[in-house]
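*Asks:* Quick one: the structure is below, and I'll ask about it shortly.
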Amino acid sequence: MLKTFFILCSGADKNLINSCSNAEQNKYAGIGATVFFTAIMAFIAASYALYTVFDTIYTAIGFGLIWGLLIFNLDRFIVSTIKKRDSFWKEFLQATPRIILAIIIAIVISKPLEIKIFEKEINTVLLKEKNAMALNNKKEISNYFQKDLDKNKAQIDSLKNNVLKKEKEVNNLYTVYITEAEGTTGTKKLGKGPVYKEKREKHDSALKELETLKNTNQSKINELEIQIKEVQNNLENKITETQPIINAFDGLMARINALNKLPWLPSFFIMLLFLAIETSPIIAKLLSGKGEYDYKIEDYEMFTLNALTQNKYQSELQLKTDAEIYDKIYTDIKEDNELYKYKKQKATELLKLQADGFVEKQKKSL
């Protein structure tokens, strides 16, 4: 039963192969098994490749099954249509389109399995890339908000500097009226005279201005600090919002790019392996010798060709003979006087009717 199934997979004619020897049947069962297992490998590889895209096992299996059946039908068709000839290169020329297609399929299908085989190495590369992307993202977002932060900090520094200048002014006025009372500067008279009082009042007035300035500037500073906190919160929220996008940077294309950053030799040999698997049905048919089944196919095709050639020749001969017979018949009819008189009579009647009709139309128009 298994042998019959594999022969069916090879695309061989059931009636002809059953009339061949057991060795010939085993050969085509082997070719059919190669076609079948190639389709199984195509199904597995395509399912995994599509799973990395859709993340749904049922969708991946469904499309993978369609792909496997497509490869099975394609291999079966090409293997069954390759005719064994006396020249290997003629057979190879027949199989060239399938070999080119096999190269394309091998490259496409091998990539997902390479990604699975080198998954740990690829994850390491992706982790480095994600970290670099996170740092660059944080830097770009920080640069975007940095202008507002610098502006607010500059205003805070300006307000604090104004307070410091006022404090320095008040301290200087304090020193002036104290030294005036001590008699070390100013009028250099010991005691609290009119000049002392004037300088003391000036200090007290500046002190009140300092208190007012502190309160006003502190209120402004508090508002600016609140704005700075809001900007920092927006910055952190923006980083938090964009981080999931970076974390999700592990799709099929990202993994293929990461795979390309790994040493190329292992991937190349894996691709060669899939190329060998994809072309194995064709290679098996090309390498197999011309056997009993091929001779029977050739004999059947020759018989069919001869029968068609004979039928074509007989049909052409019959057509030629019939044409000559009918030419002779119509030549004899042409010389028949009775037929000539009859046709002349009918033609005369037709011309009379046409003339009468023309006259009637002329009368009506007048």
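The values are calculated or read from the model by the stated rules, or taken from the named source; none is laboratory data. Nothing here was measured: the structure is a model prediction, and the numbers come from that model. Neighbour counts run over all protein chains shown; Cβ positions are idealised from the backbone, glycine included.
*Asks:* Among the candidates Lys320, Lys363, Lys352, single out the residue that is farther than 30 Å from Glu24 by Cβ, among the basic types (Lys, Arg) and modelled with pLDDT of 80 or more.
*Replies:* On the way: Lys363 fails: modelled with pLDDT of 80 or more; Lys352 fails: modelled with pLDDT of 80 or more.
Checking each option against the conditions leaves just Lys320.
*Asks:* Scan region 32-54 and give yes if some residue there is in a helix (DSSP H, G or I), in the same structural domain as Ile104 (by TED's automatic domain parsing) and farther than 23 Å from Pro112 by Cα, otherwise no. Write out each step before concluding.
*Replies:* Filtering region 32-54 down to residues in a helix (DSSP H, G or I) leaves 32-54.
In the following step, the residues that additionally are in the same structural domain as Ile104 (by TED's automatic domain parsing) were identified as 32-54.
Narrowing further to those that are farther than 23 Å from Pro112 by Cα: 32-33.
The answer is yes, given that some residue of region 32-54 is in a helix (DSSP H, G or I), in the same structural domain as Ile104 (by TED's automatic domain parsing) and farther than 23 Å from Pro112 by Cα.
*Asks:* Within the group Ala12, Ala106, which residue is closer than 28 Å to Phe269 by Cβ and small (Gly, Ala, Ser)? Walk me through how you get there before you give the answer.
*Replies:* Numbers: Ala12 fails: closer than 28 Å to Phe269 by Cβ.
Matching residue, one of Ala12, Ala106: Ala106.
*Asks:* Scan (1) closer than 27 Å to Leu135 by Cα; (2) modelled with pLDDT of 75 or more for the single condition Phe274 breaks and write down its number.
*Replies:* With respect to (1) closer than 27 Å to Leu135 by Cα; (2) modelled with pLDDT of 75 or more, Phe274 is out only on (1).
*Asks:* Ok, one more. Applying the selection to region 258-288, what residues are more than 30 Å from Lys120 (Cβ to Cβ) and without any contact (Cβ under 8 Å) to a residue 40 or more places away in the chain?
*Replies:* Matches in region 258-288: Ile283, Leu287.
*Asks:* Could you list all residues from region 268-303 that are assigned to a helix (DSSP H, G or I) and among the charged types (D, E, K, R)? Let's see the steps before the verdict.
*Replies:* Step one: list which residues in region 268-303 are assigned to a helix (DSSP H, G or I), which gives 268-287, 292-303.
Correct list: Glu278, Lys285, Glu292, Asp294, Lys296, Glu298, Asp299, Glu301.
*Asks:* Of Leu113, Leu135, Leu127, Leu159, which residue is over 30 Å from Ala254 (Cβ atoms) and either within 33 Å of the chain's Cα centre (by Cα) or modelled with pLDDT of 80 or more (or both)? Outline the logic, then answer.
*Replies:* Details: Leu113 fails: over 30 Å from Ala254 (Cβ atoms); Leu135 fails: over 30 Å from Ala254 (Cβ atoms); Leu127 fails: over 30 Å from Ala254 (Cβ atoms).
Answer to the selection: Leu159.
*Asks:* In region 21-35, what count of residues is obtained for those that are among the hydrophobic types (A, V, I, L, M, F, W, C) and buried (at least 20 other Cβ atoms within 10 Å of the Cβ)?
*Replies:* To start, the set of residues in region 21-35 that are among the hydrophobic types (A, V, I, L, M, F, W, C) comprises 23, 29, 31, 33, 35.
When the remaining residues are screened for being buried (at least 20 other Cβ atoms within 10 Å of the Cβ), the result is 29, 31, 35.
Of the residues in region 21-35, 3 are among the hydrophobic types (A, V, I, L, M, F, W, C) and buried (at least 20 other Cβ atoms within 10 Å of the Cβ).
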